[in-house]
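Colleague: Below: one structure in structure tokens.
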Amino acid sequence: MKVGDLEVGGIYRLSHDPRVGYQTAPTPMEEASRLALFVLKRKHTRYDKPANEMREPLIYVGPKMVYGGKNGDLVINEKVHHFVRPNGKRLYIYGEHIKHILPFTQG
């Protein structure tokens, strides 16, 4: 999927490709998680999870600027794509990872 194909209010899911893995991390200043999607290597670490384990629908809310950290005296804000999980928790995904997102109803 391409970033331009995302629709606000659309329901999406992670790829069912077994080679795609994910890692989540908390955001520094918000109660939300950042999701990183990538193609797993043959010998992946125990912290890498296949994306097809996360079967829940994700509702796309739109792009958002979020706090990305501090580099010296400079505060960095990053543009992310804001999704909401069924439990109400927010999930942020960077644009380069959208290629591993599919519409929820797509086989």
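The values are calculated or read from the model by the stated rules, or taken from the named source; none is laboratory data. This one's a predicted model, so the numbers in the text were calculated from it and none came from an experiment. Heads up, the Cβs are rebuilt from the backbone with ideal geometry, glycines too, and the neighbour counts pull from every protein chain shown.
Colleague: Quick check on my filter: what residues within region 15-50 are modelled with pLDDT of 80 or more and either more than 25 Å from Gly69 (Cβ to Cβ) or in contact with a Leu (Cβ under 6 Å, 6 or more places away or on another chain) (or both)?
Modeller: Ser15, His16, Asp17, Pro18, Arg19, Val20, Gly21, Tyr22, Thr24, Ser33, Leu35, Val39
Colleague: Now for a separate question. In region 57-107, what count of residues is obtained for those that are among the hydrophobic types (A, V, I, L, M, F, W, C) and over 15 Å from the mean Cα position of the chain (by Cα)?
Modeller: In the first step, residues of region 57-107 are kept if they are among the hydrophobic types (A, V, I, L, M, F, W, C); the result is 58-59, 61, 65-66, 74-76, 80, 83-84, 91, 93, 98, 101-102, 104.
When the remaining residues are screened for being over 15 Å from the mean Cα position of the chain (by Cα), the result is 74-76.
Residues flagged as among the hydrophobic types (A, V, I, L, M, F, W, C) and over 15 Å from the mean Cα position of the chain (by Cα) within region 57-107 amount to 3.
Colleague: Take region 51-87 and flag every residue that is of a type in the set (Gly, Ala, Ser) and either at pLDDT 90 or above or surrounded by 11 or more Cβ atoms within 10 Å (Cβ to Cβ) (or both).
Modeller: Those that are of a type in the set (Gly, Ala, Ser) and either at pLDDT 90 or above or surrounded by 11 or more Cβ atoms within 10 Å (Cβ to Cβ) (or both): Ala51, Gly62, Gly68, Gly69.
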